[in-house]
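The structure appears below as structure tokens.
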Amino acid sequence: MSSLELAKTVEDYVINIRRKIHQNPELSFEEFETTKLIVKELQEMGLEVTQWDDFTGAVGLLRGSKPGPTIGLRADIDALPIQQESDVPYKSCKPGVMHACAHDAHTAVLLATAKLLAAEKDSLAGNVKFIFQPAEETPPGGAKTLLEKGVLDNPRVDMLFALHHATENKTGEVGIHYGQFLAASDQFTLTLTCKGGGGSAPHKGVDGIPIAAEIILALHVMMTRQVDPVLSALISFGTINAGTKFNILADKVVMTGTCRSLDPEISTRFPKMILKVAQGIASTYDAQVELNYEHGYPALVNDQKATELLEKAAIDAIGADKVKSTTPLMAGDDLAYFLREVPGSYFWLGITPETGVIAPAHTAKFNIDEAALVTGIAVMHSAVHRALSEL
């Protein structure tokens, strides 16, 4: 049977598991029940399971009957602090928490893939590690801790694959990209302090709000004039907090935001660029600024050889017409830490039905076309077989 035909044999399983996880979402670093479910399923498949007393997530190791390379597959397992509004039979049972980024689907696909490969254990030449990672949604994320716990070792992972849902791709499709794929994603807090004063006599004080507005606009311009336009540099402000009353000039403005780039060198320049512009403008008005800058996930880069292998495997599984070339995004994912350690490739799984539009991820009405799950299983299954045979 082909990978797609095999995937269809576990369609009921993957849908049931996905819905069970969807009904019981857990936030980053709190995925205790999700981990129990994963461990139970992996143990029933006969896999060697590793888990930890001080951290959520788990790893299942499938040892083939013959020696060979070790292939890693990763899924993220955490949910988001969002109140679900979509009225589905498997709606979240937890107020204010839902799987609004399809991590339930990612986890279910990986479990179903493990189920298929476990049944083929006697014919496998090599090993497969199924890595269920917590806390992708919340920096510093779970990937770094799992790396510190040695999830890529004993046996050492030779190549790694992972998928993520994509509303841009239709159900039955996958999106493939070579090289730099996702951006380094940082966060910062910029605090402006000044004299303040009365709204009726601004000339006697220093008004923080227009100074902050000038800084924000200048930083947006800076990104277009101090970074090569063929490269990527993005700054976005998410919050601005200032003032206490309508007729009092704000003496403090706190701004938070994110900087993103596909280029690691540019990411290192962001703090100095922001502080130089902000201090220059603030000093003009006798104000002061303080920057707290936190580097987040690094840029995610798909390995050339791994992506070539993945693309061939996807064509084998679902046909060339369903394998699409996709473009980089300024989103981030801590899978990047894994791909700095071992060659691998991250791909999109289309979840949008041919007819109809679904709500965007990270929104209260987000849902997926469950028919897409079979495609994810088929491509993962095919990628493992091709990697085991070619490495």
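Quick one: which of 141, 150 is within 25 Å of residue 27 (Cα to Cα), crowded, with 24+ Cβ neighbours inside 10 Å and not aliphatic (A, V, I, L, M)?
That would be 141, the only listed residue that is within 25 Å of residue 27 (Cα to Cα), crowded, with 24+ Cβ neighbours inside 10 Å and not aliphatic (A, V, I, L, M).
Considering (1) assigned to a loop (DSSP other than H, G, I, E, B); (2) in contact (Cβ under 8 Å) with a residue 60 or more places away in the chain; (3) surrounded by fewer than 19 Cβ atoms within 10 Å (Cβ to Cβ), say which one residue 1 fails and leave the rest.
(2)
Results for (1) in a strand (DSSP E or B); (2) of a type in the set (D, E, K, R), shown as yes or no for each residue.
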site	(1), (2)
108	no, no
113	no, no
117	no, no
136	no, yes
139	no, no
145	no, no
151	no, no
157	no, no
167	yes, no
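Residue by residue, here is whether (1) closer than 17 Å to residue 184 by Cβ; (2) crowded, with 23+ Cβ neighbours inside 10 Å; (3) out of contact with any Asp or Glu (no Cβ under 9 Å at 6 or more places or on another chain) holds:
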position	(1), (2), (3)
290	no, no, yes
293	yes, no, no
296	yes, no, no
304	no, no, yes
311	no, no, yes
316	no, no, yes
342	no, no, no
345	no, yes, no
351	no, yes, no
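Which residue out of 305, 245 is among the basic types (Lys, Arg) and closer than 30 Å to residue 204 by Cβ?
On inspection, the qualifying residue turns out to be 245.
Hey, could you check the range 353-386 for residues that are surrounded by fewer than 23 Cβ atoms within 10 Å (Cβ to Cβ) and hydrophobic (A, V, I, L, M, F, W, C) and say which is modelled with the lowest pLDDT?
Taking the candidates together, the pick is 357.
Residues checked against (1) assigned by TED's automatic domain parsing to the domain that holds residue 371; (2) closer than 18 Å to residue 49 by Cβ; (3) modelled with pLDDT of 95 or more; (4) among the aliphatic types (A, V, I, L, M):
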position: 107; (1), (2), (3), (4): yes, yes, yes, no
position: 111; (1), (2), (3), (4): yes, yes, yes, yes
position: 127; (1), (2), (3), (4): yes, yes, yes, no
position: 135; (1), (2), (3), (4): yes, no, yes, yes
position: 158; (1), (2), (3), (4): yes, no, yes, no
position: 164; (1), (2), (3), (4): yes, no, yes, no
position: 167; (1), (2), (3), (4): yes, no, no, no
position: 175; (1), (2), (3), (4): yes, no, yes, no
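For residues that are over 27 Å from residue 101 (Cβ atoms) and of a type in the set (Gly, Ala, Ser), tally how many sit in the range 26-72.
So the count comes out to 4.
With (1) at pLDDT below 95; (2) assigned to a strand (DSSP E or B); (3) of a type in the set (D, E, K, R) as the list, and residue 324 as the residue in question, which single condition is left unmet?
(1)
Pull out all pairs, ordered by first then second residue, where Cβ-Cβ is under 6 Å, the residues are six or more apart or on different chains, the first lies in the range 358-375 and is closer than 19 Å to residue 93 by Cβ, and the second is in a loop (DSSP other than H, G, I, E, B) and acidic (Asp, Glu).
364/85; 365/85
Do you know which of the residues in the range 327-352 that are assigned to a loop (DSSP other than H, G, I, E, B) and in contact with a Leu (Cβ under 8 Å, 6 or more places away or on another chain) is nearest to residue 144 (Cα to Cα)?
333
Which fully enclosed strands (runs of 3 or more DSSP E) of the range 200-307 have 3 or more residues being farther than 27 Å from residue 325 by Cβ, free of Cβ contacts under 8 Å to residues at least 40 places away in the same chain and not assigned by TED's automatic domain parsing to the domain that holds residue 383?
The qualifying strands (runs of 3 or more DSSP E) are 234-242.
The values are calculated or read from the model by the stated rules, or taken from the named source; none is laboratory data. For clarity, every value in this text was computed on a predicted model and none was experimentally measured. Quick reminder, even Gly has a Cβ in these numbers, built from the backbone with ideal geometry, and neighbours come from all protein chains shown.
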